[in-house]
Amino acid sequence: MAETKKLFIKTYGCQMNVYDSERMAESLGGSGYTEVSSPEEADMILLNTCHIREKAAEKVYSELGRMKELKIANPDLKIGVAGCVAQAEGEEIMRRQPAVDLVVGPQSYHRLPDLEAKARKGIKALDTDFPEEDKFEMLKARPKVKRAPAAFLTVQEGCDKFCAFCVVPYTRGAEVSRPVDRILREAEDLVDRGVREITLLGQNVNAYHGTGEGGTWGLARLIRRLAEVDGLERIRFTTSHPNDMEDDLIAAHGDCDKLMPYLHLPVQSGSDRILKAMNRKHTAQDYLRLMERIREARPDIALSGDFIVGFPGETDQDFEDTMSLVREVGYASAYSFKYSPRPGTPAAEKGDKMVDEDVATERLYRLQGLITEQQKAFQNEMVGREVSVLFERKGREAGQMVGKSEYLHAVHVTDDVEIGEIKRVRIVESGTNSLGGVLVS
Ligand code: SAH
Ligand code: SF4
Ligand code: F3S
């Protein structure tokens, strides 16, 4: 029997990092670790990091500065860095913060138990390979313990799109799709453990092209097959690229009941000039037409997107084009960011003329104002409507239960419901970040 040691994982970045953290914790379970919720208790701290914007990456170094102090109280404490900063800056992390014992990239974390053993012996361990072997196949079987009713499942990883601003193709590597049968097995296993909703993950999840019966399957076919899994009630997927939004996937939004009416489809800008400079390979019109077709297939769908303001060369007119696109689409929610130059990406290397910082800030502020307005309007429209809610946890107030509607709104009730139940709820109020409702009897 391995001795028990305590693991604290802190996760930054996208949902794929959330999934990866879960898998890393499970695989270190085999080395005797159980997860704890505070770093002070831990024998091993793992930061699962994000490199998407400068701020995200810098956070890691300040966090490491704090964590190293814990080594004074516990000299056996090991500190590890995983994720996209580990991939991009592995050696630099080791140099800048000598308290780090272990660095592991997103494509080699199945080797974590070996790296941990090495670190325990006092040898610094760094692995940022893009190995030939299939990480998912090398990972330990997932433990058969009950878990929360909504889960992530990575089906595709990496990106071949090379948008001019983005680090993902460098930190996650080339696009890889997992085979259909492995995904099915993992989904069935999750359902056995109490899962009722699965969000399929990929950096370009709609580019999914996994090997299945009779050849290569696209995402729509995979979703339809997953919809046949008994006990799995809801399916979502994220993140998608407009150019991979194929006809059968659009159709699935209309005819596959288990596919939830929510779609996150980033566009980044409403200006064709900027889209071209970003290497997005689609126009604003292409995107608008696509959104229209998706709405024809599923009129009540909640649409979401991502935007970057202040991309090098963005003029006032380019920004106004983004504002018009947002007005035309009418989002249920959207995320917007100020451009952050990332080392190694074409947009940063070209050294194109940066937009003045104050101008970019002002644009971000205006765009976020518009998005918040739309978000609020979409949320308010829910009042008086009936939605279906998957209950995921207890709320903050006594007797309160919280779950997600099909449109991904957080909904709370004070009725008697169990975690994991899906119930019809009538919405009676719209708060700042959530909706309040009552069970429909
Ligand atoms: N694969 C996803 C995006 C992953 S990154 C997709 O293609 O949609 C999530 C979001 O971060 C992007 O959609 C983009 O809006 C933003 N982002 C990426 N790189 C950025 C950068 N250098 N500066 C600011 N925002 C960035
Ligand atoms: Fe980044 Fe573009 Fe790939 Fe999305 S599609 S991960 S934004 S390079
Ligand atoms: Fe960040 Fe890597 Fe995800 S850079 S957004 S953690 S793919």
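Tabulated results
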item: Total charge dipole magnitude, the chain, about the Cα centre, Cβ charges on Lys, Arg, Asp, Glu only, Debye to nearest 20; result: 720
item: Sorted by Cβ density within 10 Å, fewest first, the residues S271, S304; result: S304, S271
item: Relative packing of peptides 137-143, 382-388 - highest average C-beta neighbours within 10 Å first; result: 382-388, 137-143
item: Charge dipole (the range 296-441, unit charges on Cβ, about Cα centre) - positive-most of V438, M382, G399; result: G399
item: Simple Cβ-charge dipole of the range 10-98, Lys/Arg +1 and Asp/Glu -1, about Cα centre, in debye nearest 20; result: 280
item: Neighbour-count order for T432, T171, T128, T4, fewest beta carbons within 10 angstrom listed first; result: T432, T4, T128, T171
item: Shape call, the range 400-441: gyration tensor on alpha carbons, a/c limit 1.5; result: prolate
item: Residue-span extension gain [D114 to V428] - 0.36 nm each, minus C-alpha spacing; result: 107.7 nm
item: Unsatisfied cross-links (Cα-Cα over 29 Å) in the set K135/K404; K350/K376; K124/K144; K59/K118; result: K135/K404; K350/K376; K124/K144
item: Protection proxy ranking of 20-29, 172-181 - average other beta-carbon atoms within 10 Å, highest first; result: 20-29, 172-181
item: Cleavage-rule hits (trypsin sites (Lys or Arg not before Pro)) in the range 400-441: DSSP loop, at most 11 neighbouring Cβ within 10 angstrom; result: none
item: For the range 186-250 and the range 23-86, distance of Cα centres in Å; result: 31
item: Qualifying GluC sites (Glu not before Pro) in the range 351-383, DSSP loop, other Cβ atoms within 10 Å at most 14; result: E381
item: Translational diffusion of the chain, µm² s⁻¹ [Kirkwood Rh, Cα pairs; Stokes-Einstein; 20 °C; 1.002 mPa s]; result: 92
item: The chain: calculated mean residue ellipticity at 222 nm from DSSP helix runs of at least 4, using -39500 (n - 2.57); result: -11000 deg cm²/dmol
item: Antiparallel DSSP beta bridges within the chain, percent to nearest 5; result: 35
item: DSSP bridge pairs, the range 179-263: antiparallel proportion in percent, nearest 5; result: 35
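Coordinate-derived values only; no laboratory data. As the structure is a prediction and not an experimental result, all values here were calculated from the model. Using ideal geometry, Cβ is built from the backbone for each residue, glycine included, and neighbour counts are taken over all protein chains shown.
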